[in-house]
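In what follows, a structure is listed as structure tokens, so that the remarks can point back to it.
The values are calculated or read from the model by the stated rules, or taken from the named source; none is laboratory data. The structure displayed is predicted, hence computed values, not measured ones. Positions of Cβ are generated from backbone atoms using ideal geometry, with glycine treated the same way; all protein chains shown enter the neighbour counts.
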Amino acid sequence: MIGLSSSPELWQGLASLTHMAGACAAVTVGAMLFGKRARFGQAGGAVVASLMLTALWCLAVAVAGGQSVPSALALGLRNLVWLVALYRLFASDGRHASVAPVRPVVLILGVVALLQPAALIIESGFGNAATMSKLIYHFNIILAMLEAIGALVLVHNLYVGANAAARQALRWPALGLGIVWAFELNLYTVAWLSNRWPAPLAAMHGLVDVAFAITLALGAMEGREQLRLKPSRAVTFRSISLLIIGAYFIAMVAVAQWLADTGGDFARWLQLGFLMLAIATALLLLPSRRLRAWLRVMLAKHFFQHRYDYRAEWQRFSRTIGNIGDHALPLHERCIQALADITDSPAGLLLLPDEQRNLGLAARWQWPTAEVPACAYPAEGIAFLEAHDFILNLDSTLAPPGEQAAGTGSEAPIVPAWLADDPYAWALVPLLHYERLVGAVVLARPPYARRLDWEDFDLLRVAGQQLASHLAEHASQQALAEAGRFDDFHRRIAFVMHDIKNLASQFALLARNAERHAENPAFRADMLVTLRASADRLNALMARLSRYGPGVVDHIEPVEITEVAQEVAASFAARHRVRVIAQGPCAILGNRHSLEQVLTHLVQNGIDASGGDAPVFIHIAPDGAWCRAEVVDSGHGMSATFIRNRLFHPFDSSKPGGFGIGAYEARELVRAMRGRLEVESREGEGTRFFIRLPLANMTQDSAAPDSAAPASPPRPQALRA
């Protein structure tokens with residue numbers, strides 16, 4: 001036969017071994033299924049018969065070779081019985097009558113199955129007639145390809161058109177038949193394109209028959225309904241990626257070969273140039289994160305019932321949160337990353353509530369360009385997030401009217417201006433702990449644009465609740481540690497106050513004795529001045545330390561804040577320029593000594609942050625029922641993360657040897673005077689502290705219009721009596 005080269009002994013021996021394995025598997029499974037043929041309904045007998053004929057064909061190939069007349073006859077009978085089994089599988093649920101084309105297609109394929117051995121017998125009668133042998137070879141290959149294609153179409157319709165109950169019984173027979181005919185279609189296609197019989201590929205046919213027998217055995221097992229082929233998402237993604245890469249390079253080689261065949265004198269130039277461009281394109285596109293994201297979305301959408309592999313997602317989430325190694329990110333940044341990894345978001349922001357329940361920036365992960373104001377999300381919008389556990393999808397919320405995401409009832413979510421204007425902002429996920437908002441995460445837009453759906457919302461909601469638990473536990477641990485430090489601090493201060501009190505009493509007694517017994521007037525006068533000054537300083541220190549006890553502010557009285565500011569500025573005159581700018585008188589209700597202490601601390605901080613001769617300004621102006629005092633410097637500034645997490649936290653200082661209680665004490669003193677202390681700062685540009693205190697000419701009721709200046713300011717438990 002022209003086009004059929006004699007197989008090498010190696011491939012012939014391998015073909016004999018694989019087909020003997022296929023024959024043994026087919027006979028074994030056929031015998032096993034003989035008593036269980038009712039599991040395949042009306043097709044049970046045909047399925048057993050097809051297995052026996054498969055064993056006979058495998059035996060013929062092992063003994064006489066794949067191109068012999070006995071093998072061709074056995075193959076035709078095998079295909080014919082398989083078609084009968086396929087038709088009876090259609091008849092199991094009555095579709096052989098309802099689907100009109102089934103019977104004619106089966107009949108045509110049966111005729112094709114019988115024509116193949118007939119063509120081989122006719123070919124053998126021509127002997128060495130090269131032209132006729134080549135013609136019959138191609139005719140035979142075309143018949144085999146048509147039969148494989150038609151059989152695959154029938155198998156596809158058999159399974160896809162069945163109802164849910166019938167699919168349980170058809171899954172494994174359809175899979176086995178699909179494996180065999182898909183392999184044969186590829187085998188005959190290669191034989192047609194190469195114009196010769198592919199002996200190495202044909203030698204593997206016996207292993208395909210083994211797989212066919214195993215799938216039929218699985219279909220007849222007890223509990224076969226629970227047996228499903230469920231490759232993991234990672235395996236599916238990588239397998240399809242490899243198939244795409246392989247198909248790409250095969251296509252490129254085919255085109256290059258075509259260019260070589262048709263390119264004439266420039267064939268090699270065209271061939272190598274095209275391969276160079278193709279490989280460069282592959283190197284640019286295949287590592288693309290956007291392409292990988294697109295491929296993941298397409299696979300999840302079309303190959304899986306659910307987009308997420310929840311086991312893998314939960315394991316990754318737990319590893320990210322629990323990573324506490326030396327090089328691990330802080331907890332707040334790990335919380336952002338754990339949530340962002342779910343949706344492949346490249347960056348995110350964490351917002352935490354302050355004392356007024358306004359959400360502010362607490363941490364950022366890989367998003368340095370986001371411009372987040374001090375009040376990132378207002379308190380009035382938090383109630384909506386808590387009531388409805390609402391995930392803010394910016395794409396749908398900011399869509400034109402009629403396409404927006406609906407709220408609940410007449411309510412609608414609040415979208416701050418900074419969030420709406422940022423093109424990278426994608427979604428805001430609330431973090432709820434026992435129906436109370438403990439924070440929110442803003443996710444950046446992923447590389448490949450897609451819409452959030454119900455599965456995204458469900459997974460983000462559950463992950464957000466878990467993150468809220470971690471943040472609440474972290475806050476509780478910090479509060480306990482802080483309370484312990486306060487307790488230790490108070491014990492130390494008690495001892496210090498006791499010692500200082502004793503020293504002050506001794507100095508006072510020494511001063512009285514010196515007045516009474518000293519004979520030298522000059523010595524007596526000098527000693528009195530020295531001792532009295534020391535006693536005054538110690539008493540002042542004791543009074544200052546006592547403010548960490550029950551009474552933070554001794555009493556409230558009208559105080560002219562401009563005078564106090566000028567005195568503070570004068571005390572720094574020898575060291576640094578401090579300028580007071582007052583827009584009219586501002587008499588406040590407060591305590592003069594406490595106000596002086598607050599301004600002194602803030603001015604000192606401004607001097608420490610400023611370099612050289614850059615002045616520090618104290619700007620005073622009335623503001624409605626309040627007096628506003630601003631301490632402004634142009635120093636190195638502070639980050640939003642430092643302001644929220646460290647500035648007003650006691651015992652946390654950025655200065656070498658600092659005690660870290662100055663800013664905390666200043667805020668508590670302002671609160672005790674029914675006021676409010678705020679800060680705005682930008683790194684590299686400076687800092688502005690705002691002190692708001694009620695005016696003296698206003699009644700107490702009108703001096704507390706909002707919750708920022710409560711009538712009875714809350715104090716930490718460790719500072720209460």
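Quick notes on this structure:
- Residue list for region 62-76, restricted to those being within 15 Å of residue 144 (Cβ to Cβ) and either part of a helix (DSSP H, G or I) or not assigned by TED's automatic domain parsing to the domain that holds residue 113 (or both): 71, 72, 73, 74, 75, 76
- Among the residues of region 629-638, those identified as surrounded by fewer than 19 Cβ atoms within 10 Å (Cβ to Cβ) and in contact with a Lys or Arg (Cβ under 7 Å, 6 or more places away or on another chain) are 630, 637.
- Restricting attention to region 344-359, the residues that are more than 15 Å from residue 419 (Cα to Cα) and of a type in the set (A, V, I, L, M) total 1.
- Residue among 468, 444 that is buried (at least 17 other Cβ atoms within 10 Å of the Cβ), of a type outside the set (S, T, N, Q), closer than 24 Å to residue 361 by Cα and in contact with a Phe, Trp or Tyr (Cβ under 7 Å, 6 or more places away or on another chain): 444
- Looking only at region 639-650, and only at residues there that are of a type in the set (A, V, I, L, M, F, W, C) and in a helix (DSSP H, G or I), the one that is surrounded by the fewest Cβ atoms within 10 Å (Cβ to Cβ): 642
- Within region 44-72, residues that are touching a residue at least 24 places away in the same chain (Cβ under 8 Å) sit with their Cβ atoms under 6 Å from residues that are among the hydroxyl-bearing types (Ser, Thr, Tyr), at 6+ positions apart or across chains, in these pairs: 61/71; 62/16.
- Pairing each residue of region 316-330 that is more than 17 Å from residue 474 (Cα to Cα) and assigned to a helix (DSSP H, G or I) with any residue that is basic (Lys, Arg) and modelled with pLDDT of 90 or more, provided the two are 6+ apart or on different chains, yields no C-beta distance under 9 Å.
- Residues in region 465-498 that are modelled with pLDDT of 85 or more and among the charged types (D, E, K, R): 473 alone.
- Residues that are part of a helix (DSSP H, G or I) and touching a Leu at 6+ places or on another chain (Cβ under 8 Å), drawn from region 332-348: 332, 333, 335, 336, 337, 338, 339, 340
- Total residues in region 133-179, condition within 17 Å of residue 86 (Cα to Cα) and either modelled with pLDDT of 80 or more or assigned to a helix (DSSP H, G or I) (or both): 29
- Here residue 293 qualifies as part of a helix (DSSP H, G or I), modelled with pLDDT under 90 and within 14 Å of the chain's Cα centre (by Cα).
- Residues in region 349-381 that are outside any loop (DSSP other than H, G, I, E, B), without any contact (Cβ under 8 Å) to a residue 60 or more places away in the chain and over 20 Å from residue 436 (Cβ atoms): 365 alone.
- When 607, 581, 556 are checked against the criterion of being under 20 Å from residue 622 (Cβ atoms), surrounded by fewer than 22 Cβ atoms within 10 Å (Cβ to Cβ) and in contact with a His (Cβ under 6 Å, 6 or more places away or on another chain), 581 stands alone in meeting it.
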